[in-house]
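Participant: One structure, pasted below without further comment.
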């Protein structure tokens with residue numbers, strides 16, 4: 001039963017995500033009553049996603065240190081600078097700029113391992129990027145947001161670091177320990193059973209937090225459409241830049257695949273939590289809208305990645 005539910009959620013996640021956003025907006029007066037659940041739901045998601053990880057994944061750093069360092073720089077320097085530049089030039093709205101930066105400054109998405117696996121990429125390398133990035137995020141992200149927000153927005157950095165540790169680092173370490181100490185037995189028994197609940201938790205987070213941007217969405221206008229279009233453009237550029245770098249510089253299908261999906265996907269749910277908790281509601285707009293495109297773009301670029309791999313195979317033959 002649970003496996004059927006999980007397959008259904010996996011198949012229609014690209015449809016269910018915007019649907020959850022709409023439901024959250026329509027029930028804006030209800031959503032704020034459940035905000036206290038968001039951090040726990042996210043910690044649960046992080047725990048279930050970390051059950052397949054191992055501490056030895058970090059050992060891949062010894063084999064590919066430059067790749068992993070570049071992936072971190074790509075995630076937390078290059079893409080935030082790109083988002084900052086575009087949003088500043090197009091909107092010249094400080095709150096929106098902070099929102100756009102948050103949307104790409106969050107840690108890479110743990111679900112990227114699914115797409116790396118599907119496209120036959122270097123999974124240990126992808127896992128190492130995810131693990132290292134996740135553990136560093138409580139320190140990188142607050143620093144980046146403090147620089148971007150400046151004195152215009154008061155940001156409690158210490159509290160933000162604590163929240164990120166509780167929602168990301170501790171559940172990740174707990175998940176890895178469960179996997180390591182049980183030698184993979186517990187994840188085998190409960191991993192598939194927890195999978196649908198993890199996806200439901202994600203959809204619940206979207207519904208609860210989307211109530212914060214309900215006033216903006218209900219007042220649909222050209223400005224809002226412009227925000228959504230820029231979110232889409234930045235999302236596409238993340239995948240595209242990673243793909244181009246992989247194709248013309250890395251020139252290795254497995255490593256390119258790992259970069260495309262760790263560089264293109266984001267743990268947007270944590271961005272929504274940060275945006276709605278520490279900033280005015282307007283900041284959450286670009287972050288929440290990022291959820292509309294992530295899975296759809298991952299599916300699209302998986303086809304491009306696989307086609308490029310097939311082209312290279314034919315050339316070698």
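The values are calculated or read from the model by the stated rules, or taken from the named source; none is laboratory data. Since we're looking at a predicted model, the values are computed, not measured. For neighbour counting, all protein chains shown are included, and Cβ atoms are generated from backbone atoms with ideal geometry for every residue, glycine included.
Participant: If you check every pair at least six apart or on different chains, which have Cβ atoms under 7 Å apart with a residue in segment 181-203 that is at positive phi first and a residue that is at pLDDT below 90 second?
Facilitator: Correct list of pairs: empty, since none qualify.
Participant: With the condition kept exactly as written, say whether any residue in segment 68-77 is under 16 Å from the mean Cα position of the chain (by Cα), without any contact (Cβ under 8 Å) to a residue 60 or more places away in the chain and assigned to a helix (DSSP H, G or I).
Facilitator: There is at least one residue in segment 68-77 that is under 16 Å from the mean Cα position of the chain (by Cα), without any contact (Cβ under 8 Å) to a residue 60 or more places away in the chain and assigned to a helix (DSSP H, G or I).
Participant: If you go through segment 138-172, how many residues are touching a residue at least 40 places away in the same chain (Cβ under 8 Å) and crowded, with 16+ Cβ neighbours inside 10 Å?
Facilitator: Counting residues in segment 138-172 that are touching a residue at least 40 places away in the same chain (Cβ under 8 Å) and crowded, with 16+ Cβ neighbours inside 10 Å gives 16.
Participant: Mind checking which residues of segment 11-27 are farther than 20 Å from residue 270 by Cα and either in contact with a strand residue (DSSP E or B) (Cβ under 8 Å, 6 or more places away or on another chain) or surrounded by 14 or more Cβ atoms within 10 Å (Cβ to Cβ) (or both)?
Facilitator: Correct list: 26, 27.
Participant: Within segment 120-156, track down each residue that is at pLDDT below 90 and in a loop (DSSP other than H, G, I, E, B).
Facilitator: 120, 153, 154, 155, 156 - these are the residues of segment 120-156 that are at pLDDT below 90 and in a loop (DSSP other than H, G, I, E, B).
Participant: Any chance you could count how many residues in segment 33-60 are surrounded by fewer than 13 Cβ atoms within 10 Å (Cβ to Cβ) and under 24 Å from residue 289 (Cβ atoms)?
Facilitator: 1
Participant: Which residue, of 235, 299, is surrounded by fewer than 16 Cβ atoms within 10 Å (Cβ to Cβ) and closer than 26 Å to residue 19 by Cβ?
Facilitator: That would be 299, the only listed residue that is surrounded by fewer than 16 Cβ atoms within 10 Å (Cβ to Cβ) and closer than 26 Å to residue 19 by Cβ.
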